[in-house]
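> So that we are looking at the same thing, I have put the structure below in structure tokens.
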Amino acid sequence: MAVQEAAERIFRNVERAIVGKHDVVELALVALLAEGHLLIEDVPGIGKTTLAKAIARSVGCSFSRIQFTPDLLPSDVTGISYFNQKTQEFEFRPGPILSQVVLADEINRATPRTQSALLEAMQERQITVDGQTIRLPRPFLVLATQNPIELEGTFPLPEAQVDRFLMRIRIGYPSEAAENDLLLRYAQEDPLEDLAPVVSADEVIALQQEVRAVRVEESVREYIVRLVRATREHPAVHLGVSPRGTLALYRTAQALAALRGRPYVIPDDVKALAPHVLTHRILINPQTRLRGRTPEEIVQEIVGQVPVPVEA
């Protein structure tokens, strides 16, 4: 498939800068091809910014980074209209959100008002400034980061915004061999500086359309629905996954199948993606939290309990 061939080129390019994290790069490409957004929750210094830049350069897309801070205003994200004294007219000065790949760094440090400036952009791929609606460029991918350790001076993301993220992932520390390889690669120069596009933005849009044509059999579709509905009925869950989460699991399964060279989805695609797609969309009840259980454990338990469709 064309998707797999293009993905291989992107993998080789991105992995010049990101060492030993093939699965993480694959999940990032799943988000890109499924036309969703990615929340990366991990400690500083493990390559979140490098990953975003490497993907943007590999697919020939414009890139912008927004450093979220408590004093950041919504207009700092979307842009402003200002009066040009030369032309005696109001003109729009675009903000950093009008890029194809946007890194929202430490998103939980901004106030809820500023965080909400991303909602329209992420869901509808447009922004509204002074009553004027502006379409965002395609492809459009938001990679937001947050530090789960340092909570002082942060504002928890509202559930409505968390639900807008297609997946939540963690990069994690590299293995000993990968970390040694990292030192060798970065000893003389930064590989990121030499990354050139291996596919164009127009090709990415075409690949996104191809992903939507990946076949999902009725039994697999029903399996996706049963998994999501099980999150709403589990005794440890206060709030289960929304229908948006059902669609997210469906779209990501299509993208993963295409990346792996298949024109059809298998149950293993769904099982592999469920922890990344569903975990951040459920709220566990206080008693479960006091027992030390986590949403990750609940989702894994559900995946283990829901019967997997088998070939007749």
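> Can you find, among N84, P96, A56, the residue sitting farthest towards the positive end of the charge dipole of segment 1-117, where Lys and Arg contribute +1 and Asp and Glu -1 at Cβ?
The Cα lying farthest towards the positive end belongs to N84.
> To the nearest 20 Debye, how big is the dipole of segment 203-252 about its Cα centre, given +1 on the beta carbon of each Lys and Arg and -1 on that of each Asp and Glu?
It works out to roughly 180 debye.
> Averaging over all projection directions, find the projected area of the Cα convex hull of the chain and quote it in nm² with one decimal place.
For the Cα atoms of the chain, the hull's average projected area reads 19.1 nm².
> When 1/r is averaged over all different Cα pairs and the result inverted, which Kirkwood radius in Å belongs to segment 2-172?
Numbers: mean 1/r = 0.0596 Å⁻¹.
Kirkwood radius, segment 2-172: 16.8 Å.
> Could you tell me what fraction of 2.2 N^0.38 Å the Cα radius of gyration of segment 212-305 comes to, as a two-decimal ratio?
Here the Cα radius of gyration is 1.10 times the empirical estimate.
> Per DSSP H run of at least 4 residues, take -39500 (n - 2.57); add these up for the chain, divide by its residues and hand me the 222 nm value, nearest 500 deg cm²/dmol.
-13000 deg cm²/dmol
> With both bridge residues required to lie in the chain, what share of the DSSP beta bridges run antiparallel, to the nearest 5%?
The answer is about 40 percent antiparallel.
> Identify, among S219, N108, Q67, the residue whose Cα sits farthest towards the positive end of the charge dipole of the chain, taking +1 on the Cβ of Lys and Arg and -1 on the Cβ of Asp and Glu, with the dipole about the Cα centre.
Going by the charge dipole, the pick is S219.
> Right, something else. Compute, for segment 212-305, the length of the dipole vector about the Cα centre, with Cβ point charges of +1 (Lys, Arg) and -1 (Asp, Glu) only. Units Debye, rounded to 20.
With only Lys, Arg, Asp and Glu charged at Cβ, the dipole is about 260 debye.
> Among V204, A177, A121, which residue has its Cα furthest toward the positive end of the charge dipole of segment 117-219, with +1 on Lys/Arg Cβ and -1 on Asp/Glu Cβ?
A121
> Taking the Cα centre of the chain as origin, sum charge times position over the Cβ atoms of Lys and Arg (+1) and Asp and Glu (-1), and report the length of that vector in debye to the nearest 20.
So the dipole magnitude of the chain works out to roughly 640 debye.
> Which GluC sites (Glu not before Pro) in segment 176-206 pass both tests, a DSSP loop state and at most 16 other beta-carbon atoms within 10 Å?
Answer in residue order: E189.
> Also, I was wondering about something else. Give the cross-link partners of K53 among the lysines, using a straight C-alpha distance below 17 Å as the criterion and excluding same-chain residues fewer than 8 apart.
K21
Here, each number is a calculation from the coordinates, and none is a lab measurement. The model shown is predicted, which means the values in this text are computed figures rather than measured ones. Note that we place each Cβ from the backbone using ideal geometry, even for glycine, and neighbour counts take in every protein chain shown.
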